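Remarks on the structure that follows.
The values are calculated or read from the model by the stated rules, or taken from the named source; none is laboratory data. Just so you know, these numbers come straight off a predicted model, no measurement behind them. All Cβ positions, glycine included, derive from the backbone under ideal geometry; neighbour counts span all protein chains shown.
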Amino acid sequence: MHAAVMPTGRVVFLDKTEQKTQQAFPDGTPVLSSEFDPATGKATPLRYKTNAFCSGGSFFGNGTLASVGGSNALDDWNPPDIGDGFKGIRLIDRPCSGAT
C-alpha cells in the first residue's frame, strides 16, 4: 500500500489489488484507492484501471501525484476491470478545495 499527502492536506491511498477491500463502488467493483480527509474523517473512493502493487511514485511541481508501474493482473484476485500495472501510469490530480 502507498500513502501520499496531497497539497490539499488529504491523504491518497493506493492499495494492493490482490487482497481486495471491504469497500465497494455502487457497481460492486472493490475500492482499491481512496482519498482520506483527516479534517473530516471522510474517505472518498478513487478508481483506477491498473494494478498499483509495487508501483513507484512522485509529485510533479503542480502537485499532481504520479504513480507508475505496478504488478501484473492476477486473474484469481483482481476485479475484471483492473489491468496489468507493469506499464501503468496513474496521475492523481485533486483540487485544492471542494474535492468530491
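Can you confirm whether the stretch 51-66 contains a residue that is outside any loop (DSSP other than H, G, I, E, B), modelled with pLDDT under 90, of a type in the set (S, T, Y) and under 12 Å from the mean Cα position of the chain (by Cα)?
No, the stretch 51-66 has no match at all.
Scanning the stretch 7-41 for residues that are loosely packed, with under 13 Cβ neighbours inside 10 Å and on the phi > 0 side of the Ramachandran plot, which turns out modelled with the highest pLDDT?
So the residue we want is G41.
Test T44 against the stated conditions and say whether it is within 19 Å of P80 (Cβ to Cβ) and at pLDDT below 90.
Criteria not met by T44.
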